[in-house]
Each structure stands twice: as structure tokens, then as C-alpha cells.
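Accompanying notes for the structure given below.
Computed from the coordinates by the stated procedures, all read-outs in this text should not be read as laboratory data. The model shown is predicted, which means the values in this text are computed figures rather than measured ones. Note that we place each Cβ from the backbone using ideal geometry, even for glycine, and neighbour counts take in every protein chain shown.
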Amino acid sequence: MKILAELREQGRAQDMQALVEHLPYARFLGIDVDRKGNEITTILPFSDHLVGNTQLRALHGGVIGAFLEITSIVQLLFDTSCERLPKTIDISIDYLRSGRPVETYGRAIVTRHGRRVANVRTEIWQESRSAPVAASHGHFLLTPA
Amino acid sequence: MSDLEDHLAHIPHAAAIGMTLVSRGKLSCVVRVPYAEHLVGDPDTGVIHGGVITALLDNASGMAVRSEPEDGAEERSMATLDLRIDYMRPAQPRQDLIAEAHCYRTTSNVAFVRAIAYHDDRNDPIASSVATFMLGTKAAPRT
């Protein structure tokens, strides 16, 4: 992927904010990435076009799924250099609470990083990290750089 | 406008990604998302992001549960418990996505739904999913 190669050449292989700005769908959702040392948090500011239920003003389940998936992929790219974007093989999502109309945060852990496949666990939350809105577990196909 | 079309029109994110109802049956429905630049996941290939497929499958699965013409299921509120998606092949650039969902079992509390996403051949799916929904959840905002 061009953007991955460009960032690597510029010595910014871990600049995940620059990466998400190059992904049209991540930009459409409004995802940002905050980095503190060797940890990253993805941020999804609330916006009306993310709503799935107008009565509850709850986030759409698909938006929650997409945010989990992007958080997982961004963490994988932050941890290791890849030639191309990791491809999702499967993702399993637990919806734990309704997503309120506020900012949402995401963090992921790469639980196993093989040569071709990585396992990633991800959680997203709003006001309290100990009360996650949703969690996922996914397998991703890698193309190492 | 049918009740399901009406239902879809009131989901802001469904409208934002251009989702429309193609057809419905008893406890099943078919939904389409037209290809659009802002839905792209990888700008090098122009392929739609997996997250859009997630949104489409989630939405179609939920609608399949509501799509039971002869009883009052339309009015029941529900919540997704879980959704598992298998991506079986890459989506192709500049092609619409279609999802077909079928609710194969409902109990008094839970609905079980299978769905597939494809471009034009339902025998060559891009992704398949299984979802469970909790029925009769409270329809009030979380505080």
C-alpha cells in the first residue's frame, strides 16, 4: 500500500493518525488516533451520521463493528511493519451496552502475532474504561514488509 | 413506503452509507449499499472497507427479525448481542454490495440470524455472518 510505504520511508511508520487520514471510510467515520509513548488509543467523536437508533440516539451497530475493526488493524500496523493493510479473516463482536451520543475510545491487544495470521482483541468504551460498549476478537491476514 | 423502508429511512447511519431495501420476505430481507468513494477502505485498490460490510450485515440482520408481517414484531425494541463475520473473499472495486439476511429462529427472548454479503452472485459471497439479538429490550436511552 502506497501510504504504508511512504510513511516507512519518512520514518513515520508508527504515525497512525496519518494512516487513518488516508483511509476514506475511517475519515468518513471521523476516527482519530492518539499516541502516548508506545500506546495508542483510537477516538471516534460523536456525529449524527453515526446514529443507528434515533429514539435512543445510540450509535449504529455497524459503526461499532467498524470502529472495533479499524482499531484492531491500526494496532497491528502500529506493532509491526506491513506491506499492505491486514485483511480481516473473521471478527466476532460482543455488544455490551448501547453506544451513547458521546466520544468513544478504542484499544486493542495483539494476542498472537504469527507470520501470516494475527489474533487481536479489542475493546471500545465511552465514559469508563471498565464499562466497555463492545468488545471484539478477530483474525487478520498479514503481508509482512 | 413500506414499514421496513420507513424504518431504514430513520436510521441516520444507514442513510449516510446509502443503504436501501431491495426486498423482504417472512423473517428475511435483502438490502443494498451502492459503491461510493467515501466507503473505500484501501485507496490503492478502491475496495469498500470491511466496516461497511459489518454495518450492512448488522442492519440487514436486525431488519430480518423485524420483517415478520403477520405479528407485532415491528414494534418490539431489540439489541444486538453478538455478530460474527467471516470474510471469504475480497470485495471488488466499484461494485454495489448486497446483503441477504434470514432470521432462522426466534424464541421469546432471542432471535438468531444468518446473513451473507455479495456483489451480484449470491453463490459467491464476500462475507457471511451469524448474529443474535435480544428481543424486548427497554427502549430508553442509557444514562
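Volume of the convex hull of chain A (Cα atoms only), normalised per residue: 98 Å³. Each of A:His49, A:His22 was scored by other Cβ atoms within 10 Å of its Cβ. Arranged with the fewest first, they read A:His49, A:His22. Scattering from chain B was approximated by placing one identical point on each alpha carbon and applying the Debye formula without solvent; log10 I(q)/I(0) at 0.14, 0.19, 0.21 1/Å stands at -0.63, -1.11, -1.31.
List the equivalent ellipsoid semi-axes of the protein assembly as shown in whole Å, largest first, each obtained as the square root of 5λ for an eigenvalue λ of the Cα gyration tensor.
Equivalent ellipsoid of the protein assembly as shown: 31, 21, 16 Å, largest first.
The distance between label points at A:Ala131 and A:Arg115 comes to 4.7 nm (points 7 Å beyond Cα on the Cα→Cβ vector). Across the range B:106-112, coupling constants 3J(HN,Hα) worked out from phi with the 6.51/-1.76/1.60 Karplus curve, θ = phi - 60°, read 10, 10, 5, 10, 10, 10, 10 Hz, and Gly and Pro carry x. Amide H contacts of B:Val40 (H built 1.01 Å from N, in plane; Pro and chain starts excluded): A:Tyr25, B:His49 sit under 5 Å, all sequence-distant by 5 or more or on other chains.
Counting Cβ atoms of other protein chains within 10 Å of each Cβ in B:6-12 and taking the mean gives 3.
Quick check: from the Cα gyration tensor, does the range B:93-143 come out rounded (a/c under 1.5), prolate or oblate? The shape class here is oblate.
If only the Cβ of Lys and Arg carry +1 and only the Cβ of Asp and Glu carry -1, the dipole of the protein assembly as shown around its Cα centre is close to 720 debye.
Counted by neighbouring Cβ atoms within 10 Å, the residues B:Cys29, A:Cys82 run from fewest to most as A:Cys82, B:Cys29.
Aspartates and glutamates near A:Lys2 by alpha-carbon distance under 14 Å, same-chain residues fewer than 8 away left out - which ones? Straight-line reach from A:Lys2, under 14 Å: A:Glu21, A:Glu83, B:Asp42, B:Asp44. If R0 is 35 Å, what FRET efficiency do you get for A:Glu83 and B:Asp124 from their C-beta distance, rounded to 0.05? For R0 = 35 Å, the calculated efficiency reads 0.85. For the range A:75-123 and the range B:81-96, what is the centre-to-centre distance using only Cα atoms, to the nearest Å? The distance from the Cα centre of the range A:75-123 to that of the range B:81-96 comes to 16 Å. Mean per-residue shielding of peptide A:27-33 is 3, counting Cβ atoms of other chains within 10 Å of each Cβ. Of all aspartates and glutamates in the structure, the ones whose alpha carbon falls short of 15 Å from that of A:Lys36, not counting any fewer than 8 places away in one chain, are A:Asp15, A:Asp79.
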